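Colleague: Got a structure here, written out as structure tokens. Questions coming.
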Amino acid sequence: MAADVVELFTSQGCSACPPADKVLAHLAKDPNTVALTFAVDYWDYLGWRDTYAKPEFTRRQREYAKARADHAVFTPQAVLNGRSAVIGSREEEIRASFDVMHDNGETPSLNVNARIEDDRVVVTLPARDQAGEASVWIAGYLPPKTVDIGSGENRNTSVTYVNVVDRMQVVGMWSGEAITLKLPLADVAPEGTAGLAVIVQSKKDGLPGPILGATRLALQSGSGS
């Protein structure tokens, strides 16, 4: 069964986000779901600087919004399989959206394999008819951690975050041919990385499009994946 991908755009400074962070942690336990947390930085002005936020994650969320007809950017926002966005705290809606995608044949179906060989991450993709090029992303995520938030909308609150993406990079392109990518483990998973997600994603007018395939690779036990 192909893995669904949920990307939660969240912020430690957003009072509506902690329930969505709990939903993401629940979804991350599903072996058929690649669940990732992306911390955005546009709530930092309220007085608390998100300890995980990076501008490139805010940019990814905005690029998704440009690719969709709704152009909506908000937190907590869950982007599903690179196709649609829902409020991240609504787990039933997330699951129902995945069910609809399954029924419509819109779920990721490319068989992505990732493994560790010696000091390398080896990613293999099969041959398949494909219109245009797709990006092969690797996202390194951190182990679960509880953050004590000292100010802003969530001041004096402790929130546990799971599968927080620390870095994400394109490591290759795929256009339908069978390929094998061999990447130095130290480059894609520096010390402290709990696991990796490999995502093959189509392009839509230069913006992120539907996800074609995805998998995850745990590097530490108890990583939340």
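The values are calculated or read from the model by the stated rules, or taken from the named source; none is laboratory data. All values derive from a computational prediction rather than experimental measurement. In this analysis, Cβ positions are derived from the backbone assuming ideal geometry, glycine residues included, and neighbour counts consider all displayed protein chains.
Colleague: Would you point out the residue of segment 95-111, among those that are over 24 Å from residue 136 (Cα atoms) and among the acidic types (Asp, Glu), that is surrounded by the most Cβ atoms within 10 Å (Cβ to Cβ)?
Modeller: Result: 99.
Colleague: Now for a separate question. Given (1) in contact with a strand residue (DSSP E or B) (Cβ under 9 Å, 6 or more places away or on another chain); (2) at pLDDT 95 or above, where does residue 68 come up short, assuming only one miss?
Modeller: (2)
Colleague: Touching a Phe, Trp or Tyr at 6+ places or on another chain (Cβ under 7 Å) and either modelled with pLDDT under 95 or closer than 20 Å to residue 215 by Cα (or both): does that describe residue 136?
Modeller: The answer is yes for residue 136.
Colleague: Looking at residue 59 and the list (1) basic (Lys, Arg); (2) exposed (fewer than 13 other Cβ atoms within 10 Å of the Cβ); (3) within 16 Å of residue 4 (Cβ to Cβ), which single condition is not satisfied?
Modeller: (3)
Colleague: Turning to a different aspect of this structure: Please give the strands (runs of 3 or more DSSP E) falling wholly within segment 109-193 in which 1 or more residues are within 30 Å of residue 45 (Cα to Cα) and within 15 Å of the chain's Cα centre (by Cα).
Modeller: Those strands (runs of 3 or more DSSP E) span 134-141, 157-161, 165-174.
Colleague: Scan segment 3-48 residue by residue and report those that are part of a loop (DSSP other than H, G, I, E, B) and either touching a helix residue (DSSP H, G or I) at 6+ places or on another chain (Cβ under 9 Å) or on the phi > 0 side of the Ramachandran plot (or both).
Modeller: Answer for segment 3-48, where residues must be part of a loop (DSSP other than H, G, I, E, B) and either touching a helix residue (DSSP H, G or I) at 6+ places or on another chain (Cβ under 9 Å) or on the phi > 0 side of the Ramachandran plot (or both): 11, 12, 13, 14, 15, 16, 40, 41, 42, 43, 47, 48.
For every residue, the table says whether it meets (1) of a type in the set (Lys, Arg); (2) touching a Leu at 6+ places or on another chain (Cβ under 7 Å).
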{"residue": "24", "(1), (2)": "no, yes"}
{"residue": "37", "(1), (2)": "no, yes"}
{"residue": "40", "(1), (2)": "no, no"}
{"residue": "49", "(1), (2)": "yes, no"}
{"residue": "53", "(1), (2)": "no, no"}
{"residue": "62", "(1), (2)": "yes, no"}
{"residue": "68", "(1), (2)": "yes, no"}
{"residue": "78", "(1), (2)": "no, yes"}
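Colleague: Let me ask something else. Being within 20 Å of the chain's Cα centre (by Cα) and of a type in the set (Asp, Glu) is the filter here, so list the residues in segment 96-108 that pass it.
Modeller: Across segment 96-108, the qualifying residues are 99, 106.
Colleague: Tell me yes or no: at least one residue of segment 41-51 is touching a residue at least 24 places away in the same chain (Cβ under 8 Å), farther than 12 Å from residue 14 by Cα and within 11 Å of the chain's Cα centre (by Cα).
Modeller: No, every residue in segment 41-51 fails to be touching a residue at least 24 places away in the same chain (Cβ under 8 Å), farther than 12 Å from residue 14 by Cα and within 11 Å of the chain's Cα centre (by Cα).
Conditions tested, residue by residue: (1) more than 17 Å from residue 53 (Cβ to Cβ); (2) surrounded by 19 or more Cβ atoms within 10 Å (Cβ to Cβ).
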residue: 124; (1), (2): yes, no
residue: 136; (1), (2): yes, yes
residue: 142; (1), (2): no, yes
residue: 158; (1), (2): yes, no
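Colleague: What number of residues within segment 66-108 satisfy the criterion of being over 15 Å from residue 199 (Cα atoms), in contact (Cβ under 8 Å) with a residue 12 or more places away in the chain and not in a loop (DSSP other than H, G, I, E, B)?
Modeller: Residues flagged as over 15 Å from residue 199 (Cα atoms), in contact (Cβ under 8 Å) with a residue 12 or more places away in the chain and not in a loop (DSSP other than H, G, I, E, B) within segment 66-108 amount to 12.
Colleague: Let me ask another. Look through 115, 120 and report the one residue that is touching a residue at least 12 places away in the same chain (Cβ under 8 Å) and buried (at least 16 other Cβ atoms within 10 Å of the Cβ).
Modeller: Just one listed residue meets the conditions, 120.
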